[in-house]
Amino acid sequence: MLIHLIGICGTGMGSLAGLLRDAGHQVQGSDRNVYPPMSTMLRSKGIRIMEGYSADHLEPRPDLIVVGNIADAGNPEARGAIELGIDYLSMPQALARFFLSSRHSIVVTGTHGKTTTTAMIARMLLQTGRDPSFLVGGVLTDLGQSYRLGGGDTFVIEGDEYETAFFDK
C-alpha cells in the first residue's frame, strides 16, 4: 500500500512513517519544515520527503493519506485527497488501525517526563524479551530512532497533547 503523510517531519508523524515502512508499506510524505533529525532518519529508511505542499505530490496516486495536525482544510494535499476520493485518516486513526487495535497499549501521560518514561518502559520490555513496539516523542540514543515495530503484543506510546487533524476535532 502506498501511504502519503502530510506533515511527515513532525516527531509523531515521522515515527508513524517509520512504523508503516517497517510494516511493509511504501511510504512518502511532505512537509514545509524539513530538517534533521527527523529528515535524516526518514531518508535513511528510504522514505521520500517532498518539500512544501502541492496536489502534485499525490502522483502517483496514494492508496491512503494520513493528514497531520499541521494541515487545515485549505491544504492543497488535503483538498486533493477529498476531491480525488482518496481515503484519508488522522494520525491517531492510522495508529489505531495499523498498530494499536491488535496490541495491548501502554500509554504514558502527564505533564513532564513522558518521553523519558515511555523510553524507559520500552527499554525494560526489550531487556526482558517482550519484543514491544513503541512510539516515543524523541530519538532513543541507544537505538537511534523514535519508534520500533516489534513482534510482541505490547505497544508503548507517549500520549501527549497532539492536536489531531482538522476533520477529527
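Nothing in this text is a laboratory measurement; each read-out follows from the coordinates by a stated rule. Only a predicted model underlies this, so the values are computations on that prediction, with no experimental measurement involved. Ideal geometry is used to build each Cβ from the backbone, glycine not excepted, and the neighbour counts take in all protein chains shown.
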Rounded if a/c is under 1.5, else prolate if a/b is larger than b/c, else oblate: which is region 1-49, with a ≥ b ≥ c the root eigenvalues of its Cα gyration tensor? prolate
Just one of (i) 96; (ii) 110; (iii) 136 is volume of the Cα convex hull per residue in Å³ calculated from these coordinates, so which is it? (ii)
Looking at THR141, THR117, THR128, which one has the Cα that reaches farthest to the positive end of the dipole of region 101-168 (charges on Cβ: Lys, Arg +1; Asp, Glu -1)? THR128
Can you work out ³J(HN,Hα) from phi for every residue in region 127-138, in order, using Karplus 6.51 cos²θ - 1.76 cosθ + 1.60 and θ = phi - 60°, giving whole Hz and x for Gly and Pro? 5, 9, x, 7, 6, x, 9, 7, 9, 10, x, x
Ranked output for segments 20-26, 131-137 by mean other Cβ atoms within 10 Å, highest leading, reads 131-137, 20-26
Mean separation of Cα pairs under 8 Å and 6+ residues apart, divided by the residue count of region 101-168: what relative contact order is that in percent? 40
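Place the peptides 6-15, 140-149 in order of packing, highest mean first, counting for every residue the other Cβ atoms within 10 Å and averaging per peptide.
Working: 6-15: 24.5, 140-149: 16.4.
Ranking, from highest mean packing down: 6-15, 140-149.
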Dipole magnitude (debye, nearest 20) for the chain, charges at Cβ of Lys, Arg, Asp, Glu: 440
